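Below is one structure; the comments refer to it alone.
The values are calculated or read from the model by the stated rules, or taken from the named source; none is laboratory data. Source: prediction; values computed, not measured. Neighbour counts are summed over all protein chains in view; Cβ atoms, including those assigned to glycine, are modelled from backbone coordinates with ideal geometry. Accessible surface is based on the protein model in full, side chains and every heavy atom, while ligands, DNA and RNA are left aside. Shrake-Rupley method; radii C 1.70, N 1.55, O 1.52, S 1.80 Å.
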Amino acid sequence: MKAAWTGFLLSISLCLDLGLVNVAILRVSLERGGAAGFLLGAGSSVGDLVYFAVALFGAAAVLRWTPVRWILWILGTAVLLVLAWRMAREAIRPRKIDASGVALSGKRGALALLATGTGLALASPSAILWFAAVGGSVIATFGGDRHSLAGFAAGFFAGGLVWSVVFAFGAAQLRRILGQNLVRALSILAALLFIYFAAVVFIRGAREML
């Protein structure tokens, strides 16, 4: 249960980034309703799961080397703290959401929305950087425990689906209050989650290395 909850929170920390995928979900939800936005978000969860598997098996292959474990421990903790600081800064000075940069056709079926979401997740620069710098470090801590891995992966995927429901239908219902207040709230939540995972990576690494 703990592994599933950790995977869930890890997924939420990825979803809280106001990148390409969230902008697309926001725009579709505002234009076509929460159901369409959710389908796009569900597709992005599939794309995130692909990167999850890549990070998992890639980490398992290189973690046999002690220098790599030290790098993941120190660098992973540092990157998480930097991201927490960045989110805290955006909470103080939130940036505007620009939905004009994502081109989506006006009419798309369910399968097309799912496929679009998957493609956006795989092509998102912020997602690639997140999995390379953050996801690999956290996922690596569970890579050697097969008993908790299934729950961890299930929690990760569930987190993406829950975020898609909340964000898409929330955007559709609360159009008038979306803007800087939304950015500030997401930034605060992201900062807290990044601090939490920095502590997880540091404590587990310290127990193993020291």
Using a 1.4 angstrom probe on the protein heavy atoms only, could you order 51, 196 from most to least accessible area? 196, 51
How would you rank 35-46, 155-166, highest first, on the average number of other Cβ atoms within 10 Å across their residues? 35-46, 155-166
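Would you kindly state how much longer the chain becomes between residue 123 and residue 111 on full extension, computed as 0.36 nm times their sequence separation minus their alpha carbon distance, in nm to one decimal?
Additional length available on full extension: 2.5 nm.
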To the nearest 0.05, how large is the calculated FRET efficiency for residue 210 and residue 89 if R₀ is 22 Å and r is the Cβ-Cβ distance? 0.10
Say each of residue 57 and residue 203 gets a label point 7 Å from the Cα, pointing the same way as Cα to Cβ; how far apart are those two points in nm? 3.2 nm
Under a 1.4 angstrom probe, counting protein chains only, how are 138, 79 ranked by accessible area, largest first? 79, 138
